[in-house]
1. Binning at 10 Å from 0, report for the stretch B:106-252 what percent of all alpha-carbon pair distances ends up in each bin.
2. What are the ³J(HN,Hα) couplings of the stretch A:118-130, residue after residue, when phi is run through the Karplus curve with 6.51, -1.76, 1.60 and θ = phi - 60°? Round to Hz, x for glycine and proline.
3. Leaving out ligands, DNA and RNA, and with a 1.4 Å probe, what % of the accessible surface on the stretch B:379-426 is carbon or sulfur?
4. How many percent of all Cα-Cα pairs in the stretch A:137-202 sit more than 14 Å apart?
5. Once neighbouring chains are kept in place and the probe is 1.4 Å, which whole percent of the accessible area of chain A is contributed by carbon and sulfur?
6. Can you give the accessible area of residue B:17 in Å² (nearest 10), computed on protein heavy atoms with a 1.4 Å probe?
7. Every cysteine in chain B with no other Cys Cβ under 4.7 Å from its Cβ, please list them in numeric order.
8. How large is the accessible surface per residue of chain B, computed with a 1.4 Å probe and reported in Å² as a whole number?
Amino acid sequence: MSTTPIKVPTMAALAAAGETADILFWVGCAGSFDDRAKKVTKAVVKILHHVGLKYAILGTEESCTGDPAKRAGNEFYFQMQALQNIQVLNMYGVKKIVAACPHCFNTLKNEYPELGGTYEVVHHSQLLQQLMDEGKLKVAGGSFKGKKITYHDPCYLGRANGVYEAPRDVISKLDAELTEMKRSKAKGLCCGAGGAQMFKEAEKGNKEVNVERAEEAMGTNPDIIAVGCPFCNTMLTDGVKHFEKEATVKVYDMAELIAQANEL
Amino acid sequence: MIGAIIFVVVFISSFAFFTFKILKIRRNILLGQNVNLSGNKGERLKTMLMVAFGQSKMTARPVPFILHFFIYAAFIITQIELIEIVIDGATDHHRSIWHIVEGSFLGSIYTFTINFIEILSVLAFVATILFLSRRNIIRLARFQKPEMKGWPSRDANLILFGEITLVTCIMLMNSSDVALQTMGVFQRTDTLLVSSQLAKLWEGVSMDNLMLMERIGWWGHMLGILGFMVYLPFSKHFHIFLAFPNTYFSNLKPKGQLTNLSAVTAEVKLMLDPNADPYAVPAPDPNAAPVKFGAKDVHDLTWKNLMDAYSCTECGRCTSECPANITGKKLSPRKIMMDTRDRLEVVGKNIDKHGKDHKDGKSLLGDYITEEELWACTSCNACVQACPVNINPLEVIIELRRDLIMEQSKAPSSINTMLNNIQNNGAPWQFSPMDRANWAQEMNT
């Protein structure tokens, strides 16, 4: 891993210099504050930097999209967040957004337009796929050769928005063996975090959802469980720990895998 | 002649009763909030043809798909033979269409159709037996969930036994008909593949008994069909009609997109407007209905949610794919839809008895669906994806959560903490918004 310092540009700094960014990287709350998700954020930035894309973040001007409030049923808090974020985004004239969190991606893409915030929104898997297709991002194969990777579909990327192939395309560039769980794509099983579950104790039952899913993922004997969502990442990491398999089965975001392969 | 009169009376009164019940259900559905789903006719039609007529979402489970398809196809195609049965009944004739088409090109179409029906009926018969054993002998898990106890299971079995009776009667009718043809009593048809085989069983049966058997078959089938029709509006089996409009009015937006409440938008915009006078009293609108957020009872849901409830055939694909249900939580998306229908039926009966403003002091949220069920949902859309007739239990769950949170301020304390954090810190956790880009500073060193 290189430790070359990267100065991450903010929209405010660019605006002050009379410049704009081609794409806004929407970091999200998990990506900003959660120690595990911050690593994914850094991997995404390294890739954006590496391919020379003119990107920027909102920095301290970013705020929660309001997704967990909306899914919990609090439309007031959601719209408070949404309308304030839209003011900021529109002020900077943002046209295109990449999000590394499917929940942010879904909310920005689907729920903001009606409130006055219309942007081209992509998930980082889609951006990576596009960069690869355009030849701007090449993946140095080799380091993952012979490894088995299984991919867990995040609900808000898969079923909610029909994005199943982009993440698989990206992972397939790693030269590893991609194995599918029985419940995948449209039939993918949730990690247990969606709909504001991330922020509460599970209701009474006989098993945790993340344990059920981690068990299924480990049934494919993977070296790596690939994810595309910070919440799935937490849930499946905990699920793997439940079976005390964290030494042999690693949970990584696909951005981290690409960054690792390219030794960024 | 007496037979024909009885038949016509029974036939017309069955239809009248059926229409009466349909209008009741229509009225109940229209108790829901208005939602405009009239656009995108082409795409809607396509969805209906694919999902309802073409059964496309059933294919996710191939074995039940094939078995269900036999019954579905047999049901649709049998309606053709029913035309002749009805004409025969009303005019006191026997195989009146055959009399007209015999010997012509249409005659071969007639024979082909009847044979097609006979073969599909046998396949449907087999499928029905397998469906019955799946419920009662194999006891498939999704048919044994708590919400299936009692009436729902009886309803399912009744329908399956009804189907067996219908197929048995039509085969009895056709096979004794063929036996009578051999005796020279009835005019000969071309070879009927299945009933000519069955007719061999009736060797040695007297002509009078065969005539009686043929009549039992005819009346049994006819009364069975009419009884079926009268029963349908009381049964989960109503999906055979509502699957079509329900898929036509499917949600065409991405599954992840929830509705934005416009009443909230106006309010929030006012709050965020620096020029708004916080003490200004808005001019009262005498016609404005009090704004309510979310749904506490069925009339707060949209008419599409209510149509969903009547379209549900309780197959339980939603529940068997629900992560909460799989891991033993109380939530079952099927129960959400069954509760909605049960509650709507009660509300409808109250209106019939006590007038439209009657309140029975009960509501869907609380008396039917508990908070524990609602808070178990991960909004993963697995139930929405699984439904073969595009029912959306998630929409109902979110509307009920909105009532809990926005009308009753009732939420698990951890949810309240998360909400407060969003309001105060712009993140669901307690971090300072000023620390949001600390990771970027870490990258610059």
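1. Once binned at 10 Å, the Cα pair distances of the stretch B:106-252 give 10, 30, 30, 19, 9, 2, 0.
2. 10, 9, 7, 10, 10, 7, 4, 5, 6, 5, 4, 4, 5
3. Values: 560 of 1430 Å².
Looking at the stretch B:379-426 in its full context, I get 40 percent from C and S.
4. Details: 1355 of 2145 pairs.
In whole percent, the long-distance tail amounts to 63.
5. Details: 4800 of 9740 Å².
Within chain A, the accessible surface is 49 percent carbon and sulfur.
6. Probe radius 1.4 Å; accessible area of residue B:17 about 80 Å².
7. Cysteines of chain B left without a disulfide-compatible partner: B:169, B:312, B:315, B:322, B:377, B:387.
8. Numbers: 21510 Å² over 445 residues.
I get 48 Å² per residue for chain B.
The values are calculated or read from the model by the stated rules, or taken from the named source; none is laboratory data. This structure is a prediction, so every number in the text was calculated from the model and none was measured. Using ideal geometry, Cβ is built from the backbone for each residue, glycine included, and neighbour counts are taken over all protein chains shown. The accessibility values were calculated without ligands, DNA or RNA, using every heavy atom of the protein model including side chains. Shrake-Rupley method; radii C 1.70, N 1.55, O 1.52, S 1.80 Å.
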